[in-house]
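Here's the structure we're looking at; comments come further down.
The values are calculated or read from the model by the stated rules, or taken from the named source; none is laboratory data. These numbers come from a predicted model, not from an experiment. All Cβ positions, glycine included, derive from the backbone under ideal geometry; neighbour counts span all protein chains shown.
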Amino acid sequence: MALLHVNKIGLAIMATVNREKAMTQLRILFFVVLGMALFSTGRLHADADIKPILADARATLTTVAAKGFEWTTTRQLIAAAEVALAAGDKAHSLNLAKAALNEAEKSLLQANYAEAHWQDGMPF
Amino acid sequence: MRSLIVNKKTNLGFALYCLLAFSGFAGADAEQGLDYQSMVQRDINDFKAYYKTRFPKIEFSEYKNGVYAIDADSREQWLEMEDFPPYEFAVDEGEALFAVRFANGKTYADCFANGGEGIRQNYPYFDNKKGQVISLELAINDCRETNGEQPLAYKKGPMAALSAYMASTSAGNVFAVAVANKEAYQAYLEGKKFFYAKRGQLNFSCADCHMLVSGQKLRADITGPALGHPTGFPVYRGKWQEMGTLHRRYAGCNKNIRAMPLPLQGRAYRNLEYFQSVMSQGLEINGPSSRK
């Protein structure tokens, strides 16, 4: 309770004294974000960024499949990412590639977890 | 002096060798001495006890009827369907196929014990020489290939028909699948792991659905008990509008939880069938049968 009080007072002081300072900071932040956005559209959507992610997803999926734990959805995501990339829709392709890698990694976790803890699934 | 040292060394070596050899033998003895069948029997008892607690009113022998053992409503419809069994044609087709001579003059009957009649309950079994589980469908294709014929697809069609016919000649025989040695136990254990491990994007195990929520509605379907799963196969399934093998159903249940199905009659599904058949010990063969 005492802590809350101090915080409230602190915030109130900050709000009055630093209003101008805060505005300046906001302005800076706005330009930084704008700059990042402009910069990143070019950078993030390059083939060079998508391809390693896809390669990683494929490699992880191969490992998982060998353990018998592949999910039906992962290779669909990989295929869709490839289609989007070929069609030049790089933003979409990147999202799909990331989703594929994420799934491949989760299914690998599932496989390894099952190997160590499958007995936990026995209801007696 | 020199020879003494050598002697000492060899003596020490010999002693070490004896110790190692002895411990090796002792290890081997312990493994041979393990009574795999009674380890497995404990699993069977636990498995049966689970369902006995869950469905106290259901007779053990009823579990050969899958979900219809526990769901009175769908049982009615099922019994009506069984009045004009939709799998009859498959049994006839299977009987005809079974009698066909291979190009080399042999028949299926030459490949199987007792001419292939009344033997369904002995499958799958662990083949010590081949070091793997042999299911009936695998044995059918083994027979074909040994006699220079092309293997059949494992999902449906002629394979399901042959399997249906062979099951029909075994009606009423009880499952008697043994786990006799370490290698067999290893295969059994793999099947057991498969059954209890969660998989797929939905993260479900066979046990989650066919034990924990058996008898409850899951979307549109009531999930049946896993006890007795293999007894009635192959089945004519309304949803398929045709016959299908047990492994076809495994693949379907895997897909439903967004797990990639594994190859039909591959090692994983055969071991799973082995485990499920061992768990169904004492239940009657009543395949083929019909399902929703």
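Restricting B:Ala153, B:Ala161, B:Ala184 to residues that are within 17 Å of the chain's Cα centre (by Cα) and aliphatic (A, V, I, L, M) narrows the list to B:Ala184.
The numbered conditions (1) in contact with a Lys or Arg (Cβ under 8 Å, 6 or more places away or on another chain); (2) surrounded by 19 or more Cβ atoms within 10 Å (Cβ to Cβ) are all true for B:Phe102 except (2). Of the residues making up segment A:1-9, one or more are away from every other protein chain (no Cβ under 14 Å), exposed (fewer than 10 other Cβ atoms within 10 Å of the Cβ), at pLDDT below 60 and not in a helix (DSSP H, G or I). Evaluation of B:Leu218 against the conditions (1) of a type outside the set (S, T, N, Q); (2) without any contact (Cβ under 8 Å) to a residue 24 or more places away in the chain; (3) surrounded by 18 or more Cβ atoms within 10 Å (Cβ to Cβ) shows that the sole unmet condition is (3).
Count, please, the residues in segment B:107-131 that happen to be closer than 23 Å to B:Tyr185 by Cβ, surrounded by fewer than 17 Cβ atoms within 10 Å (Cβ to Cβ) and in contact with a helix residue (DSSP H, G or I) (Cβ under 8 Å, 6 or more places away or on another chain). Qualifying residue count, segment B:107-131: 2.
Candidates in segment B:239-275 are the residues that are outside any helix (DSSP H, G or I) and charged (D, E, K, R); of these, the one that is nearest to B:Arg199 (Cα to Cα) is B:Arg258.
Of the set (1) more than 8 Å from chain B (Cβ to nearest Cβ); (2) surrounded by fewer than 18 Cβ atoms within 10 Å (Cβ to Cβ); (3) of a type outside the set (A, V, I, L, M); (4) within 14 Å of B:Met260 (Cα to Cα), all apply to A:Thr72 but (1). Do you know which of the residues in segment A:78-124 that are hydrophobic (A, V, I, L, M, F, W, C) and within 11 Å of chain B (Cβ to nearest Cβ) is farthest from the chain's Cα centre (by Cα)? In this case the residue turns out to be A:Phe124.
Residue pairs whose Cβ atoms lie under 8 Å apart, separated by 6 or more positions or on different chains, with the first residue in segment A:67-80 and within 16 Å of B:Asn256 (Cα to Cα) and the second aromatic (Phe, Trp, Tyr) and buried (at least 21 other Cβ atoms within 10 Å of the Cβ), are A:Gly68/B:Phe194. No other residue among B:Arg270, B:Arg237 is modelled with pLDDT of 95 or more and out of contact with any Lys or Arg (no Cβ under 9 Å at 6 or more places or on another chain) apart from B:Arg270. Would you confirm, using the coordinates I've provided, whether B:Lys156 is assigned by TED's automatic domain parsing to the domain that holds B:Ala103, in contact with a strand residue (DSSP E or B) (Cβ under 6 Å, 6 or more places away or on another chain), surrounded by fewer than 22 Cβ atoms within 10 Å (Cβ to Cβ) and over 30 Å from A:Ala116 (Cβ atoms)? Considered against the rule, which asks whether it is assigned by TED's automatic domain parsing to the domain that holds B:Ala103, in contact with a strand residue (DSSP E or B) (Cβ under 6 Å, 6 or more places away or on another chain), surrounded by fewer than 22 Cβ atoms within 10 Å (Cβ to Cβ) and over 30 Å from A:Ala116 (Cβ atoms), B:Lys156 comes out as yes.
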